[in-house]
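See below for the structure under consideration.
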Amino acid sequence: MRITKVYTRTGDKGQTRLVGGQVVSKDHVRIEAYGTVDELNAVLGLARTFNASTQASPEAVAKIESLLRHIQNDLFNVGSDLATRAEDRWPGMFRVGDADVERLEHWIDELNASLPPLEEFILPGGGVVGAFLHQARTVCRRAERRVLTLMECDTEDDVGDGCMRYLNRLSDALFVLGRWAARELGEPEYQWEKPAR
């Protein structure tokens, strides 16, 4: 893909184009869905940037970098899928599916195996990388809600469940990665303090 012109002026009146060329409002449910995925990707970019500047072990930094870079690429695939109506898809178009979800599950199991069991809810924060990963988790949950709205919209075509399943598993992966990163990078992890009864 080569982009030679950044502005099109289509958005000056609150409209944009989908992959197939259809013009829709910028607040269309489909735009809300893939726009939120784009926001999630940007938050992960912040996590990667701060991860690269930590003084933690090179192995931990490299593992976080590798996972986040892979996830960011996946999210471009999710966004592309969401930006394309069923009638505009082409033969062989890549769509996120079972293999991508299973990869996330493998990462979750691998990272979680080295963590102490949860005794209480985790408060987002503690360190920069962990905080951005927890923020990414909440944006991911919002992306799930936007995709669900798109899937349930009477006027929309078959979105399929690949994107929804991927985002659902990704939010779990980001939670576990946030905990794992906090431990590996030497960032504190704060637990919710239940009020005394």
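The numbers here are math on the coordinates, done by the rules we state, and not lab data. Here the structure is a predicted model, which is why all the values come from computation and not from measurement. Methodologically, a virtual Cβ is constructed for each residue, glycine included, from the backbone with ideal geometry; neighbour enumeration extends over all protein chains shown.
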So, over other residues within a Cβ distance under 10 Å of residue 32, counting Lys, Arg +1 and Asp, Glu -1, the net charge is +4
List the residues whose amide H sits under 5 Å from the amide H of residue 190, counting only those 5 or more places along or on another chain, with H placed 1.01 Å from N in the peptide plane. 123
To the nearest 10 degrees, how steeply does helix 128-152 sit against the main Cα axis of the chain, on a 0 to 90 scale? 40 degrees
Answer in debye to the nearest 20: the dipole magnitude of the chain about its Cα centre, from +1 Lys/Arg and -1 Asp/Glu charges placed on Cβ, is 740 debye
Out of 117, 19, 61, whose Cα points farthest toward the positive end of the dipole of the chain (charges: +1 Lys, Arg; -1 Asp, Glu; placed on Cβ)? 19
If you add up the charges near residue 125, with Lys and Arg at +1 and Asp and Glu at -1, over every other residue whose beta carbon is less than 11 angstrom from its beta carbon, what do you get? -2
Hey, fewest Cβ within 10 Å first, where do 75, 115 land in order? 115, 75
Please list 3J(HN,Hα) in residue order for the stretch 51-59, calculated via the Karplus relation 6.51 cos²θ - 1.76 cosθ + 1.60 where θ = phi - 60°; whole Hz, with x for glycine and proline. 4, 5, 9, 6, 9, 6, 4, x, 5
Using only C-alpha positions, report the orientation-averaged shadow area of the convex hull of the chain, nm², one decimal. 14.4 nm²
Can you tell me how much longer the chain between residue 114 and residue 49 gets when fully stretched, taken as 0.36 nm per residue apart minus their C-alpha distance, in nm with one decimal? 20.9 nm
May I ask which residue of 132, 82, 29 lies farthest towards the positive end of the charge dipole of the stretch 27-188, with charges of +1 (Lys, Arg) and -1 (Asp, Glu) on Cβ and the Cα centre as origin? 132
Show me the chymotrypsin sites (Phe, Trp or Tyr not before Pro) within the stretch 165-197 that DSSP assigns to loop and that have at most 15 other Cβ atoms within 10 Å of their Cβ. 192
